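Engineer: Please see the structure below; I have some questions.
Read-outs throughout are calculated quantities, based only on the coordinates presented, and are distinct from any laboratory measurement. These numbers come from a predicted model, not from an experiment. Reconstructed Cβ throughout: ideal geometry from the backbone, glycine too, with neighbour counts over all protein chains shown.
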Amino acid sequence: MKLTKIMALLGPGIVWAATSIGVSHIVQSTRAGADFGFALLGFILLAHVVKYPFFLFGPKYSGLTGKSLLDGYRSVGKWAFYLFLGLTFITMFFVQSGVTIVTAALAMNLFGDVLSLSQWAAVILGIVCAVLIIGHYKLLNTLLKWMMLVLVICSIIAWFAAVGRLGFSPAEGAATIEIGSVAGIAFIVALIGWMPTAIEVSVWHSLWILSRGAKPGPENAKNATLDFNIGYAASLLLAIIFLWLGALLMFGQGEGFANSAAAFAGQLVGIYSNALGDWSWLLMAIVTFVALFSSTFAVADGFPQVWKRAYQLTQAHDAPLPLDSANKSQHARNGNLVYIAAIGILALGSWWIISDFSADITALLDFVTTVSFVSAPIYAWLNYKVMMGADVDAQYKPQGIFRIYTLCCLSILTLFSGYYVFWKFLA
């Protein structure tokens with residue numbers, strides 16, 4: 001398939017990638033390499049393997065049926081629908097604040113401390129809200145394709161430069177992680193929680209698929225799956241690269257990441273400039289800021305889209321209106337008002353949290369990623385139930401080896417989550 005045709009097909013999968021290639025990659029993967037060398041590489045690979053089918057169900061279900069996963073949850077039962085909304089409400093402010101505070105720190109590092117961290121966060125949230133409300137999301141969606149392409153190319157160049165200077169492995173060798181230790185378990189949980197991203201993002205992905213307005217069916221599902229797989233492959237590649245850079249440039253150097261947001265951002269960009277040379281500092285400061293800004297943008301759209309669709313489903317009962325009829329009824333206009341209100345509430349709540357956590361950025365990030373780790377089996381099981389439901393023809397449901405693989409992945413996620421809860425609260 002020609003590159004131009006592939007780029008034309010890309011869209012929601014790249015927005016999904018923009019959501020994932022942010023805190024989990026640029027922050028957590030780099031921290032993993034800096035603190036533990038290559039010891040946690042296996043956990044990054046495992047996270048991508050066990051979460052893959054549950055992310056895949058988002059674009060596949062929407063592509064086939066013309067419905068979102070949120071519609072599917074409601075078909076499973078009202079309890080599933082409201083459980084998802086309840087968990088969304090509990091976590092959304094922390095997730096938004098987690099990606100925004102890193103973006104604000106990178107903005108401060110790039111543009112200087114003319115504003116405080118909380119002020120930079122307010123500016124970023126204001127810009128994001130304004131763009132989404134005005135309706136320029138499609139433009140940024142187009143730009144995200146090139147932003148992600150630039151990030152991938154620059155990251156690969158940085159990796160080659162670092163390997164050329166320092167070799168393939170840290171001079172001190174890889175660390176040995178004691179799985180049962182407090183530090184080992186806590187960081188592994190935080191790493192896997194958002195690696196490649198939280199499973200609930202699959203619901204946003206399904207909503208973004210619907211926003212394209214393509215006719216549902218096997219061809220639409222095939223294109224959506226290709227789009228997603230490209231984004232997923234980019235996610236895995238960059239996660240490995242960032243861990244490798246952290247291991248080569250920081251592991252064994254006696255220097256870990258700072259808790260302060262401003263110092264943290266400086267260290268993060270410094271990894272690239274150390275690999276490529278001082279000339280690259282400005283370029284990589286811009287690239288990392290753009291990557292995190294795109295993640296902030298995608299998250300800020302994802303949560304309100306959920307509340308908008310939830311309103312539409314609740315008002316329409318068991319016969320929800322299609323998304324492409326939004327401008328044809330008062331019902332849809334009210335949905336747009338719900339979207340705007342949700343953006344405002346999300347921005348205000350997130351900014352308030354950022355104001356309290358600005359002195360300890362790693363504590364905030366570890367908290368939100370841990371919550372995602374514990375709740376992952378719930379979302380995974382719901383996605384599986386939706387794909388096995390009556391909306392999906394038998395030939396497109398998980399079956400054979402893939403079904404066994406999916407159930408094994410669900411079991412692993414459940415065992416991991418259960419072990420952590422037992423270790424944290426009962427052991």
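Engineer: What pairs in Lys78/Lys385; Lys145/Lys308; Lys60/Lys397; Lys78/Lys222; Lys51/Lys397; Lys308/Lys397 have C-alpha atoms more than 19 Å from each other?
Structural biologist: Listed pairs above 19 Å: Lys145/Lys308; Lys78/Lys222; Lys308/Lys397.
Engineer: Could you tell me the calculated FRET efficiency between Leu149 and Ala263, based on Cβ-Cβ distance and R0 = 25 angstrom, to the nearest 0.05?
Structural biologist: The value I calculate is 0.25.
Engineer: Kindly list the residues of segment 53-75 that lie in the label zone of Leu83, defined by a backbone N under 17 Å from the point 7 Å along the Cα-to-C-beta vector.
Structural biologist: Answer for this model: 54, 69-75.
Engineer: If you stretched the chain out fully between Leu237 and Leu415, how much longer would it get, using 0.36 nm times the residue separation minus the C-alpha to C-alpha distance? Before the final figure, lay out each step's value.
Structural biologist: Numbers: separation 178, 0.36 × 178 = 64.08 nm, distance 2.64 nm.
Gain on stretching Leu237 to Leu415: 61.4 nm.
Engineer: Moving on. If you take the beta carbon distance between Phe425 and Trp279 as r and set R0 to 45 Å, what does 1/(1 + (r/R0)^6) give as a FRET efficiency, to the nearest 0.05?
Structural biologist: Values: r = 50 Å, r/R0 = 1.12.
My answer for the efficiency is 0.35.
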